[in-house]
Amino acid sequence: MARSDRLFRLLQALRSLPPPVTAARLAEETGVSQRSLYRDIDSLRAAGAVIDGERGFGYRLTEDIALPPQTFTRLEIEALVLGLAEVRHMGEPELARAAEAVLSKITATLPDRLQQQTIHAVSQVHRFEHRQAPDINVGLLREACWQERAIVIDYIDAGGQHSERRVLPLGIVYLENVLVLLGWCCLREDFRKFRIDRIAEIRPTDENFRPRRVPMLREFIARMNAGATDTAPAHLMG
């Protein structure tokens, strides 16, 4: 592993693990010996990271060289914690891990008083029913949207009929109980909403439709805001 990658992993461990973190635990997380770990901590300190602690007592990251100092009002902290908690309840493990990492990174840059407000936030999220994770890899859909590449999906409609669709993916909408892919259906030659739990398979293609995604998404959202989905929901669903 390159040293830069090792230092990055060490920063990530210091951000995410409850402080103080022992050298043994950090060495385990980064896959190095404790002797190498001590050198890596010295390197991060030399680069500007403020890491409190010493051998035998554990370490705590109080100022992160990778992130500028952050200040938030108490209400902004509540909104931040509440929003990231919602993400963790969306039933998608990849996004849940990302939300945890974001909160850890931001918390590490806060003064002690604000860190305590973040850790002990008043606003909480609880779901009696957990959203089931989709059977397919939603990360592939996100990547296709980011890269603006067409995909081929095996789609099952409400009647149980299978069809193969070539789709230009535009965005993902997280509804109360389901995830929906917004896209341009090449078969129907129109905008469509595809329930992600009805997508049986995704196959990426080499077809690039950049830079059309943003204007197409704006047009689709404008149509939905104008009431197109209210007057003809069946027309736009799959």
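General remarks:
- In the chain, the portion of solvent-accessible area held by carbon and sulfur atoms comes to 52 percent [1.4 Å probe, whole percent, DNA, RNA and ligands not counted].
- Cβ-placed point charges (K, R +1; D, E -1), dipole of the chain about Cα centre in debye, nearest 20: 380 debye
- Per residue, in Å², the accessible surface of region 27-126 once ligands and nucleic acids are set aside, probe 1.4 Å: 58 Å²
- Whole-percent pair-distance distribution, where bins are 10 Å wide, for the alpha carbons of the chain: 7, 24, 23, 22, 16, 7, 1
- Segment ALA24-ARG166, extension gain: residue separation times 0.36 nm, minus the distance between their alpha carbons: 46.0 nm
- Computed magnitude of the charge dipole of region 1-125 (debye, nearest 20; Cβ of K, R +1, Cβ of D, E -1): 380 debye
- Kirkwood hydrodynamic radius (C-alpha pairs) into Stokes-Einstein, region 77-214, 20 °C and 1.002 mPa s, D in µm²/s: 127 µm²/s
- Dipole of the chain [Lys/Arg +1, Asp/Glu -1 at C-beta], most positive-end residue of HIS130, LEU140, LEU61: LEU61
- Residue of GLN161, GLN116, GLN132 that the Gaussian network model of the chain assigns the largest fluctuation, springs spanning Cα pairs under 10 Å: GLN161
The values are calculated or read from the model by the stated rules, or taken from the named source; none is laboratory data. For clarity, every value in this text was computed on a predicted model and none was experimentally measured. Heads up, the Cβs are rebuilt from the backbone with ideal geometry, glycines too, and the neighbour counts pull from every protein chain shown. For the accessible areas, the whole protein counts, side chains as well, though only heavy atoms, and no ligand, DNA or RNA atoms are used. Shrake-Rupley method; radii C 1.70, N 1.55, O 1.52, S 1.80 Å.
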